[in-house]
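The values are calculated or read from the model by the stated rules, or taken from the named source; none is laboratory data. Since we're looking at a predicted model, the values are computed, not measured. Cβ placement follows ideal geometry from the backbone for every residue including glycine, while neighbour counts extend to all protein chains displayed. Note: accessible area is taken over every heavy atom of the protein model, side chains too, but ligands, DNA and RNA are not part of it. Shrake-Rupley method; radii C 1.70, N 1.55, O 1.52, S 1.80 Å.
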Amino acid sequence: MRNPFKSEAEAFRLVLLAIGYFGLIVVAAAIDRWVGLAVFVILTAVAIGWVVRARREPPVRTAPMRRSAPGERRILVIANETVGGGTLREEIRRRAEDYEERVRVICPTLLSRVRFIASDEDEARAEAQERLAHSLRRLREVGVNCEGEVGEADPLQAIEDALRTFGADEIIISTHPEGRSLWLERGIVRGARERFDVPITHVVVDLEAEREEVRG
């Protein structure tokens, strides 16, 4: 069955549908209780039909539009707060060795619902752009041919958007450790492996440990 909570956007869409569902029933019942009952039965039948159909549908896996030439390695990196981590940088450098590499780094915006309501998207994108610029600068310092862009707040949507123009041979998803990662809590890595027909590597970046090493 397709998980409706695979992304924040889809969860928000489901909430809106639920509000509409109950709202239509309340309005219909206010007109006439029998009309309300009829609307309830019809909408419930539609919802049950959707769930049954979703259970039967196999997941649709998205593949990149093109693949690399011989000797070339195209790596798509998706990371947010961990985008500047040394662990991630070393993993990218290691995987790019012995290839004519092309690395694209996507840094989704950290756009919470509070920020969305407050129309604070510009600040979130500016912060993501700053993290991305720092990461690209550090990667280039170790000889990695890289480019990057700020992506959608939903990391799965950001990956899908990138695959339309970037034929990745593999995807690297970087997260905080278990217990501190919202992406792991939301099942982003698992969802990406179900959704995309590309090898996926999960890199855990412990920024607190890296800061301790620097201080040490």
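Among the candidates S112, S119, the residue that is farther than 18 Å from V203 by Cβ, among the hydroxyl-bearing types (S, T, Y) and either open to solvent by 60 Å² or more (accessible area, probe 1.4 Å) or modelled with pLDDT of 90 or more (or both) is uniquely S119. Scanning segment 3-25 for residues that are modelled with pLDDT of 80 or more, loosely packed, with under 13 Cβ neighbours inside 10 Å and either over 30 Å from G191 (Cβ atoms) or within 26 Å of the chain's Cα centre (by Cα) (or both) gives a single hit, I19. When restricted to residues that are under 15 Å from F196 (Cα atoms), open to solvent by less than 30 Å² (accessible area, probe 1.4 Å) and assigned to a helix (DSSP H, G or I), segment 128-167 contains 6. Where residues in segment 170-198 are out of contact with any helix residue (DSSP H, G or I) (no Cβ under 7 Å at 6 or more places or on another chain) and in contact (Cβ under 8 Å) with a residue 40 or more places away in the chain, which of them is surrounded by the fewest Cβ atoms within 10 Å (Cβ to Cβ)? Of everything passing the filter in segment 170-198, D197 is surrounded by the fewest Cβ atoms within 10 Å (Cβ to Cβ). If the condition is being modelled with pLDDT under 90, assigned to a helix (DSSP H, G or I) and among the acidic types (D, E), then segment 60-103 contributes only E81.
Take R125 and decide whether it is basic (K, R), buried (at least 20 other Cβ atoms within 10 Å of the Cβ) and in contact (Cβ under 8 Å) with a residue 24 or more places away in the chain. Criteria not met by R125.
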